[in-house]
Every structure is written in structure tokens, then in C-alpha cells.
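Beneath this line is the structure, given in C-alpha cells, with notes to follow.
The values are calculated or read from the model by the stated rules, or taken from the named source; none is laboratory data. Just so it is clear, the structure is predicted and the values come from calculations on it, not from any experiment. In this analysis, Cβ positions are derived from the backbone assuming ideal geometry, glycine residues included, and neighbour counts consider all displayed protein chains. These area figures cover heavy atoms from the full protein model, side chains too; ligands, DNA and RNA do not enter into them. Shrake-Rupley method; radii C 1.70, N 1.55, O 1.52, S 1.80 Å.
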Amino acid sequence: MENWEKSLADSVTSPDQLSGLFRLPEGPLSAVTGRYPMRITPYYLGLIGAPGDAIWRQCVPDQAELEDRRQSPDPLDEERLSPVPGLIHRYPDRVVWIVSSACAVYCRFCMRKRGVGCSDMAPAPRQEALDYIASRPQIRDVILSGGDPLLLADDALDGILAALRKIPHVEIVRIGSRVPVTLPERITVKLARMLKRHHPLYINTHFNHPREITEQSARACARLADAGIVLGNQSVLLKGVNDDPLVMRNLMQRLLAIRVRPYYIHQMDLVQGTAHFRTKVAHGIAVMEGLRGHTSGLATPHYMIDLPGGKGKVEIPPGRVLREGSRLLLTNYLGEEIEYADPP
Ligand SMILES: *Cc1c(COP(=O)(O)O)cnc(C)c1O
Ligand code: SF4
């Protein structure tokens, strides 16, 4: 058993185990974990400072998850857009391939909480997924997702990457993984060496709070970056976690310092069981205004809404543009309206 597998085995998976460590709020949390599984790795548990803090909110089950029934479990219509179960083909040139249904930590705000960690979200059957991709020359970008692809054994992931690399029209492969944040010991020298054989490879990780940037997570990211992997970050805007312009700015700047480029900040999807995390879009815009122009452009990701019904991601446009003939009125980071003459 590798070290990281031992960490997974030692993780907290029931509210009872947690109540030995913290005073838990009243209420039968086991009803919540009966519907939405729980797992907190020893490392991530160690990041909790106090009940209710930004780390706690992300990983400890909450009664509110069962109270939110208005929203759909699958608002993005991922299941309808899956020609092969577990292979989501929404945009012409790229697909999301669910290769694992397990995660190191089950995030309470997960957009795939309908099935992540449960048997009803099985990974796509490998040969069918490969055949689908191989027979469609327009697919040039394959995004391995889940669940967490880096919870697969090295050999299994190596096999998938090697098979994808044999398809000439697949130009890039991306991996979405929260393991650098929740189980940094998974990023072993052996894993990095294996990944390095499958370039061009991109990894988008998922830091949501500056306190998740530690010596261990920084080392995990450095190991991946040293293997030549381009690292991006996708955060989710979460009430009570990072819905504060200063917290977000701090997070983005510290990500750059560990060689991770902020890519997206996602508006919380309208997923059943996550209402207690949702912020208003106007608030998200305010958080973005705290970044844009006030810090490096590199520290400024795109603020995205993934439209319900599988209509795709759209960026909430930065700033305001007023057009008067060939004159543009642009609002800068200080809120000043500046006239700009667009060349005729
Ligand atoms: C988010 C997503 C992608 C990737 O979108 P990018 O904007 O290219 O990062 C691809 N397919 C699906 C189904 C997605 O949800
Ligand atoms: S790591 Fe990603 S897929 Fe897994 S529970 Fe968290 S948000 Fe969901």
C-alpha cells in the first residue's frame, strides 16, 4: 500500500468519527451522509482551525444539504449530453471523460454531488469512451474528470493517457484534480514521472481558500510543474469560504507564487443540496472587481457561469463598455469612465 492509499484508508468517513474530535452541531448528520458521502483525509482535517471555518464548511456535512430540494441534481444536463455514460460531449471540440467516481475529500458543494462517491456515477466504460473519441476527428481536447482522476492507480491512469495519445486528433489532455489540495501526498515522484510521458498535459486543480496553500500542497504543485505540466486553478465562489474580495485576492496571488495560474472562478451551479453556498452574481462581480486592475493580470481569472440546460459556460463580462459611434466609454479599475477613440 502506498502512503497516499494509507491516508485514504485513515480518512474520516462518518460524522461519529468527527464528533470524537469536535463538538458537532445538533441534528442527524448521518442522514446527510446517507445521501451524500463524506470523506475527509487526515491532511485536510488538519487544516480545520475551528468548526464552521472555511475548511470545515467545504468538507463537513450540513443539514442544509437535505433541505435544498428546489434545484435539479443535474442542472447542466450532463447526463443527457453523454453519448456514452460518463462521457460528456457538450462542445464540438472537447469532451469530459469521467474516469473515477471517487474523491479524496467529498466537497459539500460539488457540482456532481448527484453521484460522486456513489455507485450511480460509474466511470465511463473505457473502450466505449476511447472508440467514441477516436471516431470523432473534431475532438482535440479531452478533459479527464470525475470524481478525481488522480485517485486512479498510476498504471490505470497511464493506460488511459497512453490510449488517448495514440489518437492523432487528440491534441491536448487536461486532468481536473483536487488531490494537490486535499491529498498532496498523492503527487509522488513516480506519478510525476509517469505523467511527464504524456505531454502536452494540463492539470487544473481546485484551491478555494488561501489556507489550503501549505508547504505540502506547494510541494505537490512544484513536483507537477517541474514535470512540465501547466497548472491552472478553478475555484468556486462559496458563501462563508471565499466570498470576500480580500480573501480571493490573497488566494489568487498565493496561487501564482506556487506556480499555479488562476483560470476560472465559477459561480455556484444550481445543484440540489448546495443552496447554502450560493452567492448572488452581483456579489461575484464585486469580488472580481476587487481583483481586476488591483493585482497582476495573471492573478485575475475569468468569472464563469455554467448555464443550466447544458447551454455552456459564459464569462460574466468584466467592466462596462458603452459605445457611442466610434467612441467607447470604458470603466477602469478605479471606477472612472474613460473615453477611448476606436480607430475608424
Ligand atoms: C467546462 C466544460 C468543458 C471545458 O470548458 P473550457 O471552457 O474549455 O475550460 C468542456 N466540456 C464540458 C461538458 C464542460 O462542462
Ligand atoms: S474534488 Fe471535485 S469532483 Fe470531487 S467532490 Fe470535490 S468538487 Fe466534487
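Working out 0.36 nm times the residue gap between Q127 and Q63, then minus their Cα-Cα distance, what length gain in nm do you get to one decimal? Could the numbers behind the result be given before it?
Details: separation 64, 0.36 × 64 = 23.04 nm, distance 3.99 nm.
Taking 0.36 nm per residue and subtracting the Cα distance, the gain is 19.1 nm.
Ignoring ligands, DNA and RNA, what accessible area per residue does region 71-318 give at 1.4 Å, in Å²?
Working: 9600 Å² over 248 residues.
On a per-residue basis, region 71-318 sits at 39 Å².
With the cut-off at 23 Å, tell me which of the pairs K196/K313; K6/K113; K239/K313; K113/K313; K6/K239; K113/K311 have Cα atoms farther apart than that. Could the numbers behind the result be given before it?
Values: K196/K313 30 Å; K6/K113 25 Å; K239/K313 21 Å; K113/K313 19 Å; K6/K239 32 Å; K113/K311 20 Å.
From the list (K196/K313; K6/K113; K239/K313; K113/K313; K6/K239; K113/K311), the Cα-Cα distance tops 23 Å for K196/K313; K6/K113; K6/K239.
Hey, rough spin-label estimate for R197 and A156, points 7 angstrom out along Cα→Cβ, what's it come to in nanometres?
1.8
List the relative contact order of the chain as a percent without decimals, with contacts defined as Cα pairs under 8 Å and 6+ residues apart. Intermediate values should be presented prior to the final figure.
Working: 653 pairs, mean separation 52.9, N = 344.
Once divided by the residue count of the chain, the mean separation gives 15 percent.
Which one of R57, R327, R112 has the biggest mean-square fluctuation once the chain is modelled by GNM with Cα springs under 10 Å?
R327
Could you give me the radius of gyration and the Dmax of the chain, taking only the C-alpha atoms into account and expressing both in angstrom?
Rg and Dmax of the chain, Cα atoms, are 20.6, 70 Å.
Under 8 Å for C-alpha pairs, at least 6 residues apart: give me the relative contact order for region 201-344, rounded to a whole percent. If you can, show how the numbers build up before the last one.
Numbers: 227 pairs, mean separation 26.7, N = 144.
Normalised by residue count, the contact order of region 201-344 is 19 percent.
Please check: in the Gaussian network model of the chain (C-alpha springs, under 10 Å), which one of L161, L195, L24 has the largest mean-square fluctuation.
Maximum fluctuation in the GNM of the chain, among the listed residues, is at L24.
Which percent, nearest 5, of DSSP beta bridges in the chain are antiparallel? Write out the running numbers ahead of the final one.
Details: 18 of 46 bridges.
So the antiparallel bridges in the chain amount to around 40 percent.
When the chain is modelled as a GNM with alpha-carbon springs shorter than 10 Å, which of L191, L144, L238 fluctuates the most?
In the Gaussian network model the winner is L191.
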